[in-house]
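Taking it in order: structure first as structure tokens, then the write-up.
The values are calculated or read from the model by the stated rules, or taken from the named source; none is laboratory data. Every value quoted in this text rests on a predicted model; they were computed, and no experiment measured them. Here Cβ is always computed from backbone atoms with ideal geometry, including for glycine, and neighbour counts include all displayed protein chains. These area figures cover heavy atoms from the full protein model, side chains too; ligands, DNA and RNA do not enter into them. Shrake-Rupley method; radii C 1.70, N 1.55, O 1.52, S 1.80 Å.
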Amino acid sequence: MLSSQLKFPCAKKLSHSPYKYTEFILAKSTTNTITIMSCLLQLLSFFLIISSAASIQTPKHYVVYMGSSAGETAESDHLQLLSTVIPREERERISITNHYNHALRGFSAMLTDDEASELSGRNGVVSVFPDSILQLHTTRSWDFLDDNSNPKLNHGSYLPHKSTYDVIIGMIDTGIWAESPSFKDEGMGEIPKRWKGVCMEGPDFKKSDCNRKLIGARYYNVMHASNGNNTTQMRVDKSPRDTVGHGTHTASIAAGAIVANASYHGLAQGTARGGSPFFRIAAYKVCSEDGCPGSTILKAIDDAVKDGVDIISISIGTSAFLQPNFLKDPIAIGAFHAEQMGVMVACSGGNEGPDPFTVTNAAPWIFTVAASNIDRGFHSKVLLGNGRIFQGSAINFSNLTRTETYPLAYGKDIAAKYSPIPEARSCYPGSLDPEKVKGKIIVCFDGFPVVSRTIKKLVAEDAKAKGLILINENDESAPFDSGPFPFTEVGTTIGYKILKYINSNKNPSAIILPTVEIPGIKPAPVVAYFSSRGPSVLTENILKPDIMAPGVAILGAITPKDEEESASDGVKPGGYALESGTSMACPHVTGASALVKSVHPKWTSSMIRSALMTTATVYDNMRKPVTNGSASFATPHEMGVGEISPVKALNPGLVFETTTEDYLRFLCYNGSPEKTIRSMSKTKFKCPTKSSDDLISNINYPSISISKLEKSIGFLTIKRSVTNVGHPNVTYTSTVQAPMGMKVKVIPKKITFLENVKRVSFKVLFDGSEASSGYNFGSITWSAAQYSVRTVFAVNVE
């Protein structure tokens with residue numbers, strides 16, 4: 001703000017830069033000492049002004065987290081606390097934005113940095129942190145899961161009957177479009193009496209929009225600080241209605257009703273459904289187009305637990321490189337208290353792959369989900385003027401045909417004057433000459449990751465191009481939906497063949513054909529290229545992500561607004577669209593968890609998670625190990641323990657129960673003070689005398705991760721316990737699949753369960769003295785009769 005109001009002859013704006021900042025330079029003309037000194041004095045004055053402005057603190061939105069709730073806390077108590085840090089002359093600021101008083105205790109309010117710092121030292125306050133803006137992590141998929149886990153299964157045969165336990169799913173997202181056929185309530189019974197939620201009204205949403213399927217809907221007023229200087233108040237529409245489309249799509253994946261002949265412009269045609277048509281949905285609108293304030297997400301989690309949901313689904317997160325610690329992460333805090341009160345929380349793991357250490361929502365009490373493809377592709381062919389045909393990936397509904405081709409040009413050959421070649425070859429905004437682009441199909445590389453495919457498409461459209469061929473140097477991505485604009489994406493091998501054709505022909509030409517659906521793609525599943533990878537930057541001693549589910553080109557319900565934007569080709573989409581992201585993978589796991597809950601209503605969240613993790617598959621539809629986008633075998637840091645197999649999880653045999661005490665010990669080992677942990681749990685819990693990060697590997701988790709195994713120490717012992725949920729009298733035998741050079745022993749090799757013996761402990765010993773340095777992966781499987789219980793391990797040998 002200040003820099004734009006001050007004039008400096010020694011400064012210049014970088015006109016070609018996409019970023020709005022000023023770079024100070026000593027111009028070529030400033031060669032004499034007087035001019036240089038003048039410039040330096042100007043710079044010094046500038047920084048003094050900035051420093052002076054920074055000393056005047058502007059209130060920002062903060063979350064004040066006060067631990068576990070011990071019953072209803074009066075808002076007046078929090079107002080009294082605020083009055084002790086906010087000056088009397090500013091008493092108008094003594095107000096609460098969000099009040100947390102059910103699953104957890106605390107509030108959010110406008111505070112200066114000094115006031116927040118003072119509050120953080122008060123008794124009963126666990127943490128105080130700025131309200132961050134989180135982002136959304138943006139059918140055949142359920143049938144594919146059935147097929148891949150059990151090829152002999154009749155689709156839908158394991159859907160829970162409406163007389164089974166009524167599972168209520170809380171969708172914390174962008175709201176919901178109640179009129180979608182996916183939320184019809186035909187055949188559903190009365191709403192469970194335990195439901196305590198509400199259906200909030202708005203100008204465009206009535207109580208009658210809720211029904212026996214969509215049993216609750218809430219919205220929230222959003223307020224957050226912008227740019228750290230000026231406080232900007234942003235309000236979500238005062239209605240639960242979804243104006244973004246994301247929440248409607250994810251809700252239909254998790255628990256949508258059966259809808260026949262659903263499709264997107266005729267693509268992916270078939271029966272759309274969620275995990276079961278009889279699951280209930282409660283929608284909590286916490287996001288707008290501008291993002292999702294963490295304080296509001298925390299309030300929604302608190303409300304959802306109070307309302308009576310069984311499972312919470314959150315397809316939202318922060319950047320991997322901006323992750324706060326667990327006690328300053330609103331999703332981690334809310335999920336911890338939801339878990340304490342028996343409510344499972346499933347979250348998307350993020351879309352920042354394929355780099356390692358990018359997974360988010362990685363607390364051990366969160367079910368963290370990676371994304372994969374299913375056995376269906378969407379291809380758009382490129383027909384060159386010489387007759388050669390290449391297959392690309394895209395979702396486009398262009399009206400181009402084989403009868404007419406258009407001039408073909410490479411981005412760098414049609415660059416605007418003075419545009420850098422790297423920018424022009426990548427369709428960078430402002431880098432192309434519109435006169436040279438007009439009427440041509442252009443070829444660009446997918447360089448500059450900050451410039452999305454959407455922007456590149458708009459660059460081509462605005463310049464009146466006839467189409468865009470994008471060369472993806474990573475060779476793998478989710479199909480991009482370009483609507484009616486001719487678009488396709490190819491890998492480098494095909495891309496360089498197209499460029500060779502351009503360079504060897506005086507008048508190259510091409511045509512991009514509309515998308516066709518390709519069923520029966522093999523291999524599938526494959527780890528999605530964009531899916532965030534582990535290990536977690538916060539701790540490597542918990543394996544994350546936990547599990548993988550379909551998240552590429554998934555059919556789901558959309559809002560009419562989305563229909564209008566995508567129907568410019570004159571074809572009505574039919575209320576459904578194809579979307580990709582771990583946002584789409586998460587509700588698959590939510591639906592699968594609800595399926596298990598419906599059959600085993602007394603199981604805890606950790607038992608349900610264990611059932612899904614230990615029965616997951618690591619094989620694709622070719623019966624070969626699952627691969628990643630580079631055709632290499634996928635590791636647990638990419639896919640977790642594997643792809644969900646919902647039907648197998650209904651009868652897992654054994655489960656790993658991770659208790660609240662396990663999570664409290666995790667916090668001790670992770671460095672949280674004992675006093676803080678007691679506030680979080682409302683107990684007199686004592687941290688173990690020895691507390692270090694490496695001990696996290698010993699909490700009773702369904703997978704094993706060891707961040708550091710020194711070659712010189714010999715065997716390292718890890719402990720686990722399993723609970724029998726299968727036949728009462730049974731003996732399990734262990735088998736180990738270990739990487740070359742690593743010694744892995746299980747003690748005892750056999751475990752026996754009797755009528756009065758439900759829980760048994762065992763040890764796993766790891767010796768990496770002869771193993772390769774770096775992460776080594778393998779598994780331990782307990783087998784008995786029809787049961788096969790698989791535990792994946794990841795061990796970093798140093």
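Tabulated data
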item: Cross-chain or 6+ apart pairs with Cβ under 6 Å, region 273-286 first and under 18 Å from residue 261 (Cα atoms) and open to solvent by less than 10 Å² (accessible area, probe 1.4 Å), then of a type outside the set (A, V, I, L, M) and at pLDDT below 95; result: 276/160
item: Residue among 764, 730 that alone is under 36 Å from the mean Cα position of the chain (by Cα), of a type in the set (A, V, I, L, M, F, W, C) and buried (at least 16 other Cβ atoms within 10 Å of the Cβ); result: 764
item: Among the residues listed as 454, 488, 493, 539, the single one being outside any strand (DSSP E or B) and open to solvent by less than 40 Å² (accessible area, probe 1.4 Å); result: 539
item: Some residue of region 736-752 being assigned to a loop (DSSP other than H, G, I, E, B), farther than 27 Å from residue 635 by Cα, small (Gly, Ala, Ser) and under 34 Å from the mean Cα position of the chain (by Cα); result: no
item: Residues satisfying the stated conditions in region 122-134, i.e. open to solvent by less than 30 Å² (accessible area, probe 1.4 Å) and assigned to a strand (DSSP E or B); result: 127, 128, 129, 134
item: Number of positions in region 514-534 that are crowded, with 24+ Cβ neighbours inside 10 Å and either part of a loop (DSSP other than H, G, I, E, B) or at pLDDT below 95 (or both); result: 7
item: Filter result (surrounded by fewer than 17 Cβ atoms within 10 Å (Cβ to Cβ) and of a type in the set (D, E, K, R)) within region 767-778; result: 770
item: Filtered residue count, region 331-381, keeping only those that are modelled with pLDDT under 95 and β-branched (Val, Ile, Thr); result: 1
item: Of all residues in region 669-678 being under 19 Å from residue 364 (Cα atoms) and assigned to a helix (DSSP H, G or I), the one that is least open to solvent (accessible area, probe 1.4 Å); result: 677
item: Qualifying positions in region 779-797 - open to solvent by 10 Å² or more (accessible area, probe 1.4 Å) and either under 27 Å from the mean Cα position of the chain (by Cα) or modelled with pLDDT under 95 (or both); result: 785, 786, 790, 796
item: Test: residue 466 is in the same structural domain as residue 413 (by the TED database), under 23 Å from residue 434 (Cα atoms), open to solvent by 40 Å² or more (accessible area, probe 1.4 Å) and in contact with a Gly (Cβ under 8 Å, 6 or more places away or on another chain); result: yes
item: Filtered residue count, region 496-513, keeping only those that are of a type in the set (D, E, K, R) and not in a loop (DSSP other than H, G, I, E, B); result: 2
item: Selected residue [at pLDDT 95 or above, over 26 Å from the mean Cα position of the chain (by Cα) and open to solvent by 20 Å² or more (accessible area, probe 1.4 Å)] from 717, 723, 660, 635; result: 717
item: Tally of residues being β-branched (Val, Ile, Thr) and in contact with a helix residue (DSSP H, G or I) (Cβ under 9 Å, 6 or more places away or on another chain) across region 442-458; result: 3
item: Residues that are within 14 Å of residue 66 (Cβ to Cβ), assigned to a helix (DSSP H, G or I) and open to solvent by 10 Å² or more (accessible area, probe 1.4 Å), drawn from region 104-121; result: 120
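Residue by residue, here is whether (1) in a loop (DSSP other than H, G, I, E, B); (2) modelled with pLDDT under 95 holds:
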residue: 192; (1), (2): yes, no
residue: 195; (1), (2): yes, no
residue: 237; (1), (2): yes, yes
residue: 253; (1), (2): no, no
residue: 261; (1), (2): no, yes
residue: 268; (1), (2): no, yes
residue: 271; (1), (2): no, yes
residue: 283; (1), (2): no, no
